[in-house]
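Inspection log for the structure reproduced underneath, given as structure tokens.
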Amino acid sequence: MASTTPTQIDQAPPVSKSARSTGRAGDKIFAGLSKGSGILLLVIMASIAIFLTYRASIALSKNEGNFLTTFDWNASANPPVFGIAVLLFGTVVSSIIAMAIAVPIAVGIALFISHYAPRKLAAPIAYVVDLLAAVPSIIYGIWGALFLVPQLAGLNLWLDEYLGWTYVFDKTQVGVARSLFTVGILLAIMILPIVTSVSREVFLQVPRMNEEAALALGATRWEVIRMSVLPFGRSGVISASMLGLGRALGETMAVATVLSPSFLINGHILDPGGGTFAQNIAAKFDEANEFGRDALIASGLVLFLLTLLVNGAARLIIARRKDFSGANA
């Protein structure tokens, strides 16, 4: 095998000035485009915030109710009375239910695909999971209304019988399962592919050396995952969960198709009723007048701020756990 001597290295042809200038020009163009893209994104976000704030201020200045605590939504009345208490409660509760169901299952599927399943089986499963992420929301909504709602009647009765003492699962109203609990399950199914796909890619980035070292020390497969894979991918799983939560908070058509809306806060999540920000905007936007749309935009501003707070909290969590994540591996 031929080797390169120091003399041969010294005799390498020098880079021409034209090539250097071309490279520097390319770097400057790329740096300018990158900076411009970042600035454009900030401008778009600021424009959205300014538009929402302006239109919301018009509605809030004429609202006769407390925007944060009023249960009613009657923006067309004279005087107008509307509030987001029910919408905020429904959005948060349904999203919590979705995250509690989806995240553990998604992490389990991601670990199975990345570390347990044979390659011939892992590839088709990963393809199916990715395919589920491309299904339109309205399809999930139709499936939920026609199939999921009737099938959950038995589960609701079981939860009421054995967990009704917890108050949360105490079913006090007779009716179909068009409740926040059903919405939470549907949202969990919808965000499952997103959390699974991102978590799977993070777990596949774990350095092979770390896993082999743990196995060499006599660790079992589960101990390798617990000591090497999960600590490395913790920040990635948090990011994946926040992506899923973002979709759960803003989901519109599927929720509007399944939920039976009402402006009452009910701690019994199996009872029909409730509402979310996105569902209320979709249901009332067409029939609302100019002022009514300003009121809906005010509720959209709250959803916008809620999403920003959730993502900001996720960034803080990731930063605090940076020393224990794959960022320093």
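Within segment 170-207, track down each residue that is closer than 23 Å to Ser260 by Cα, open to solvent by 50 Å² or more (accessible area, probe 1.4 Å) and among the hydrophobic types (A, V, I, L, M, F, W, C).
Val174, Val176, Ile189
Please determine whether any residue of segment 150-167 is over 18 Å from Ser94 (Cα atoms), crowded, with 20+ Cβ neighbours inside 10 Å and among the aromatic types (Phe, Trp, Tyr).
no
Per-residue answers, yes or no, for (1) among the hydroxyl-bearing types (Ser, Thr, Tyr); (2) in contact (Cβ under 8 Å) with a residue 40 or more places away in the chain; (3) assigned to a helix (DSSP H, G or I); (4) in contact with a Leu (Cβ under 6 Å, 6 or more places away or on another chain):
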| residue | (1), (2), (3), (4) |
| --- | --- |
| Lys28 | no, no, yes, no |
| Lys35 | no, no, yes, no |
| Met45 | no, no, yes, no |
| Glu64 | no, no, no, no |
| Leu88 | no, yes, yes, no |
| Ser94 | yes, yes, yes, yes |
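Hey, can you tell me all the residues within segment 136-179 that are among the β-branched types (Val, Ile, Thr) and without any contact (Cβ under 8 Å) to a residue 12 or more places away in the chain?
Ile139, Thr166, Val174
Going through Ala122, Ala110 one at a time, which residue ends up being free of Cβ contacts under 8 Å to residues at least 12 places away in the same chain and over 22 Å from Phe304 (Cβ atoms)?
Being free of Cβ contacts under 8 Å to residues at least 12 places away in the same chain and over 22 Å from Phe304 (Cβ atoms) holds for just one of Ala122, Ala110, which is Ala122.
Which ones in segment 260-282 are surrounded by 18 or more Cβ atoms within 10 Å (Cβ to Cβ) and more than 20 Å from the chain's Cα centre (by Cα)?
Pro261, Phe263, Asn266, His268, Ile269, Leu270, Asp271, Pro272, Gly273, Gly274
Considering only segment 78-123, how many residues are of a type in the set (Gly, Ala, Ser), within 17 Å of the chain's Cα centre (by Cα) and surrounded by 20 or more Cβ atoms within 10 Å (Cβ to Cβ)?
Adding up the residues that qualify gives 7.
Arg320 - would you say it is of a type in the set (Lys, Arg), more than 20 Å from the chain's Cα centre (by Cα), at pLDDT below 90 and open to solvent by 50 Å² or more (accessible area, probe 1.4 Å)?
yes
State the number of residues belonging to segment 208-242 that are among the β-branched types (Val, Ile, Thr), open to solvent by less than 10 Å² (accessible area, probe 1.4 Å) and touching a Phe, Trp or Tyr at 6+ places or on another chain (Cβ under 9 Å).
2
I need the full set of residues from segment 124-137 which are in a helix (DSSP H, G or I) and surrounded by 12 or more Cβ atoms within 10 Å (Cβ to Cβ), in order please.
The answer is Ile125, Ala126, Val129, Asp130, Leu132, Ser137.
Yes/no matrix, rows are residues, columns are (1) touching a Leu at 6+ places or on another chain (Cβ under 6 Å); (2) of a type in the set (Gly, Ala, Ser):
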| site | (1), (2) |
| --- | --- |
| Ala106 | yes, yes |
| Ile125 | no, no |
| Ile139 | no, no |
| Gly154 | no, yes |
| Tyr162 | no, no |
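The values are calculated or read from the model by the stated rules, or taken from the named source; none is laboratory data. Note that the structure is a prediction, hence the values are computed from the model and not measured. Every residue, glycine among them, receives a Cβ derived from its backbone with ideal geometry; neighbour counts consider all protein chains shown. Side chains are part of the model used for accessible areas, which takes the heavy atoms of the whole protein and leaves out ligands, DNA and RNA. Shrake-Rupley method; radii C 1.70, N 1.55, O 1.52, S 1.80 Å.
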